[in-house]
1. Does VAL515 fit the bill of being under 30 Å from THR555 (Cα atoms), in the same structural domain as GLN357 (by TED's automatic domain parsing), surrounded by 16 or more Cβ atoms within 10 Å (Cβ to Cβ) and among the hydrophobic types (A, V, I, L, M, F, W, C)?
2. Filter region 463-506 for residues that are in a loop (DSSP other than H, G, I, E, B), without any contact (Cβ under 8 Å) to a residue 24 or more places away in the chain and not hydroxyl-bearing (Ser, Thr, Tyr); which is nearest to GLN560 (Cα to Cα)?
3. Given the condition at pLDDT below 90, part of a helix (DSSP H, G or I) and closer than 16 Å to ILE257 by Cα, answer yes or no: does some residue in region 35-46 qualify?
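The values are calculated or read from the model by the stated rules, or taken from the named source; none is laboratory data. Predicted model, so just to flag it, every value in this text is computed and none were measured. Cβ atoms come from the backbone with ideal geometry, glycine included; neighbour counts cover every protein chain shown.
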Amino acid sequence: MNIERIIECIRQDDQKGLKAELQQFNREYAQCFFYDLEEREKRKFRKNKVRDYVSDSDSDYDESSNPDVILRQALATVLIRFLRTEPKGRVLKVCLRSLRILSRDKKVLGPLITDRALLTLAHLGGISNAPVPKEDADGDADPYNDIIEAISESKLGRADEDDRDDEEDDGCGAASGDTNDLTVWSPNDWCGERKASTFSNMSLGPSRRRSSVFKALTPGKRDSRGSLGGGEEEEEKEEKVDDEGNRKEVMKIFCNIVYNSAWAQERASELSLLCGLTEKLNKEFHSASSPCGQFYALRFMFLLTALRPELRAQLKQEGGVPLLTTVLEKSLSVQWKDQYEVVLDPAAPPISVEDSQQAQEALKILFNITHSTHTQEPEEDDASLYRHLAAVLRHCLMVSCEEEEAADELKGHAANMLSALPLSCLDVLVSVPLGPDSHQMNGANMDCVHNLLMYMERKLEQILPPLRDASTKPEQGTTMRNRLVRLMTNLDTELKHCAADLLFVLCKENVSRFVKYTGYGNAAGLLATRGLLGGQRSKATSSGTKYSSDSDSDTEEYRQIKDRVNPVTGQVEEEQPDPMEGMTDEEKEEEAHRLISLFNKLSKDNVIQPMGLNEEGQLVPLSDLRDLSAEERKSEEEHDDLENVE
């Protein structure tokens, strides 16, 4: 990466040379996401059930002073300044791709999250008309001189350091590499005043970053829309250069920036980027032409509403629900037959993957802004709006997609959205007129409910398939059940309760079945909380749900190994030799007395506290149980005495 060459091309208006330099960078880093060692450690911790990772390193080495990081910071600074000159054509497109690659790196976001940078990108993305603040003028007409001077000073610093090293080593340690090669700079070369004034002033100080704490999203699946190998080269061969393609690149950059930076989330809120984004989508989806390529604009809106609570309320108040309902209708080509009935054409082509993903983003945003609506009684206008949305959600559950995975994801987001709507507005799901092949119950059309149940059945098969193998512990492995069981012992109390509750409900709140799938050791926490340690059935389910009858769910394979499964670990274990084999009855009795004596001693010294289960299945000290039993006996004796007197 030759920063000086890039700046020279910009100064001389050499668009061909600039394009070649940036294309080389794009090809080299197309599939690079700049994962460092610490990031890998965080990922390992997440896999091993620890949600938050705190580095215990005593090193004072600052990754932000890494020469490669600094070069990328310099490139980001140059490109953002170049964008303010309003370039056109393919140079602009290549420049935006370079910024999109750079925006993946958390360590070089400083130049990209200033108000000037955000507003510059917002102008290119068509979501803001606010004036861009001018840079502080320091008498230099050339905006790139400070970067060039910083690079020059760093080279001199490197050369001086090499000379000092040679003198200290008495000529034994010859300097390796050319001082003109920017890739061999040491971190110390960039710690001078010039470097600090050039790049660090575009970053945020630690105190400023720590002053506000915002929610962060956990990494999910890689974007299936992204190209897998060779994608950047294919994009470079595209002849068509249009504003829509550039706006899409800008939306990708915004998604990366907001995802990676809490400060960018706050500035995006302060700069009213959501308002501009809403206006843009409103214009696109209410136009006569069919909108396309709005996935990343919707993804950007999803990130803003997921990470900034005040933006959820703002979007809802500014008509977000009708707007996103329109997005759904356009994406799924909805045609209305009646007020709350969508036309279902069996001959219609399946929904494309692109349209399905666009609809999913809209559903995710809708959930963000309406997730608490189900607890409220809607007003008349809102009720009509939610019924209209519920009819579209019914269509989501009924349509087919080009790919089965896309269809399942669409149904999943639609189901989540249904859970957020008021119950009184869901009557439109079953009020559709019956057809010849409709599933019905009590005269109601159950086609939508049937599709939803089939979807949930497939998900249940993924989460909790019939148990056939118990050769490993329930928490070991990579299946969905294994991962959920691991979460049952997570340090995060809320998280482990959620995982345990999910599995318990999927086991129909049956203790023996729950223990079979998780092991008694993992299940003990939930069972103790619910007073079910004794294995008895719960007197009332957590939600008052009436489950179907408990039929024998053991598979043939499990029946063959059932007697050898350790109920505590949930695993088949090798038979252990009997420790009392060869002992006489007297020796066994003596050993039992010795153990009792040891337990009594530990109890008296308060090392352990013997516990027992009360009538409600709760763990209580054994002494309390004895006192309770004595009181009950005394009460019964008094009652008997009164009866004898009568």
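1. In short, no.
2. Top of the filtered list is PRO465.
3. Scanning region 35-46 turns up no residue that is at pLDDT below 90, part of a helix (DSSP H, G or I) and closer than 16 Å to ILE257 by Cα.
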